[in-house]
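As structure tokens, the structure follows; a few thoughts come after it.
The values are calculated or read from the model by the stated rules, or taken from the named source; none is laboratory data. This one's a predicted model, so the numbers in the text were calculated from it and none came from an experiment. Heads up, the Cβs are rebuilt from the backbone with ideal geometry, glycines too, and the neighbour counts pull from every protein chain shown. Areas reflect the complete protein model, heavy atoms only, side chains present, ligands, DNA and RNA absent. Shrake-Rupley method; radii C 1.70, N 1.55, O 1.52, S 1.80 Å.
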Amino acid sequence: MTHTDLTVFIVDDDPGVRDALSLLLSLHGYRTALFSTAADFLQRWTPALSGCLLLDIRMPDMDGLTLQQTLRERGCRLPVIILTGHGDVDSARQAFRSQALDFLEKPVDEQRLLQAIEEACASQTEAQHQRRGSDEHARRYATLTPREREIMQLVVDGRHNRDIAELLGISVRTVEVHKSRLMDKLDAASIADLVRKHLSHGTGHG
């Protein structure tokens, strides 16, 4: 299996651990990027990075849990897997409160680590697809005329063509034409599909 668009970012102050993890993951088709400190990774991080993050807890200057929280505050969407040689309940609780995907103790079980990374990359890929879908829907929604948006909202609210015509003071035929055009623009196969797109992407309010 290859993961050409995803990178496993490894942040650990132990060069032996970094190299061993990088070798293991490369043998399973993962691209890796290695960092010895939290500060090094923060300098590199941008919202465009995709993949997942393996974080050691005990590091000089900034520990892994502080880095995790800092990234979360910055809006980082990378799934986080915590690695530690000194696991305890408080650390695990803090990691999961900051939405860590998993909390693994060293020496790490290879199969459990690979499973956690696979889950992390799968969640990252799904999130990317959802964002692309939202961007595409927003682009399509922007092509609607004010009248089409108005009619779309009424359709989603469950109004029938005759009700919409009376509310807007137009003919039923005009409502049908507008509805057909807006469904074409939004690539909606049915009224149910139109409602699903509207609810999942949150456009059309107000």
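Checked against the criterion of being open to solvent by less than 70 Å² (accessible area, probe 1.4 Å), in a strand (DSSP E or B) and either over 23 Å from THR125 (Cα atoms) or not aliphatic (A, V, I, L, M) (or both), the candidates PHE9, PHE41 yield just one match: PHE9.
What number of residues in the stretch 44-59 are in contact with a helix residue (DSSP H, G or I) (Cβ under 9 Å, 6 or more places away or on another chain) and more than 20 Å from ALA127 (Cα to Cα)? Before you say what the answer is, go through the steps one by one.
Going residue by residue through the stretch 44-59, those that are in contact with a helix residue (DSSP H, G or I) (Cβ under 9 Å, 6 or more places away or on another chain) are 45, 50-59.
Then keep just the ones that are more than 20 Å from ALA127 (Cα to Cα); that gives 55-59.
Residues that pass the stated criteria total 5.
On the given criteria, is ARG72 open to solvent by 60 Å² or more (accessible area, probe 1.4 Å), part of a helix (DSSP H, G or I), in contact with a Leu (Cβ under 8 Å, 6 or more places away or on another chain) and at pLDDT 85 or above? Quick ask: steps written out before the conclusion?
Working: open to solvent by 60 Å² or more (accessible area, probe 1.4 Å): yes; part of a helix (DSSP H, G or I): yes; in contact with a Leu (Cβ under 8 Å, 6 or more places away or on another chain): no; at pLDDT 85 or above: yes.
Answer is no for this residue.
May I ask you to list the residues in the stretch 146-160 that are open to solvent by 40 Å² or more (accessible area, probe 1.4 Å) and of a type outside the set (Asp, Glu)? Result: PRO146, ARG147, ARG149, GLN153, GLY158, ARG159, HIS160. VAL8 falls short on exactly one of the conditions (1) in contact with a helix residue (DSSP H, G or I) (Cβ under 7 Å, 6 or more places away or on another chain); (2) of a type in the set (Val, Ile, Thr); (3) free of Cβ contacts under 8 Å to residues at least 60 places away in the same chain, and that condition is (3).
Check whether at least one residue in the stretch 76-88 is more than 17 Å from GLN124 (Cβ to Cβ), in a helix (DSSP H, G or I), open to solvent by 20 Å² or more (accessible area, probe 1.4 Å) and at pLDDT below 95, and report yes or no.
Here is the first cut: in the stretch 76-88, the residues more than 17 Å from GLN124 (Cβ to Cβ) are 83-88.
Retained after the next criterion (residues that are in a helix (DSSP H, G or I)): none.
No - not one qualifying residue is present in the stretch 76-88.
Reported count of residues in the stretch 12-38, each being aromatic (Phe, Trp, Tyr) and assigned to a loop (DSSP other than H, G, I, E, B), is 1.
Only one entry in GLU110, GLU118, GLU148 is within 30 Å of HIS28 (Cβ to Cβ) and touching a helix residue (DSSP H, G or I) at 6+ places or on another chain (Cβ under 7 Å), namely GLU110. One residue stands out among those in the stretch 25-35 that are crowded, with 17+ Cβ neighbours inside 10 Å and either more than 25 Å from the chain's Cα centre (by Cα) or of a type outside the set (A, V, I, L, M, F, W, C) (or both): the one that is farthest from ASP56 (Cα to Cα), which is TYR30.
Of all residues in the stretch 104-122, count the ones that are part of a helix (DSSP H, G or I) and either within 21 Å of GLN94 (Cβ to Cβ) or acidic (Asp, Glu) (or both). I'd like the intermediate steps shown before the answer.
First, the residues of the stretch 104-122 that are part of a helix (DSSP H, G or I): 110-122.
Still in the running and either within 21 Å of GLN94 (Cβ to Cβ) or acidic (Asp, Glu) (or both): 110, 112-113, 116, 118-120.
Matching residues across the stretch 104-122 total 7.
None of ARG147, ARG159 is among the basic types (Lys, Arg) and in a helix (DSSP H, G or I) except ARG147. Among the residues making up the stretch 50-69, a single one is open to solvent by 10 Å² or more (accessible area, probe 1.4 Å) and either of a type in the set (Phe, Trp, Tyr) or touching a residue at least 60 places away in the same chain (Cβ under 8 Å) (or both): SER50. Selection of first residues in the stretch 13-33 that are within 15 Å of THR84 (Cα to Cα) and of second residues that are outside any helix (DSSP H, G or I), restricted to Cβ pairs under 6 Å at least 6 apart or on distinct chains, gives the following pairs, ordered by first then second residue: ASP13/SER36; ASP13/MET59; ARG18/ILE10; ARG18/ASP12; ARG18/LEU34; LEU21/ILE10.
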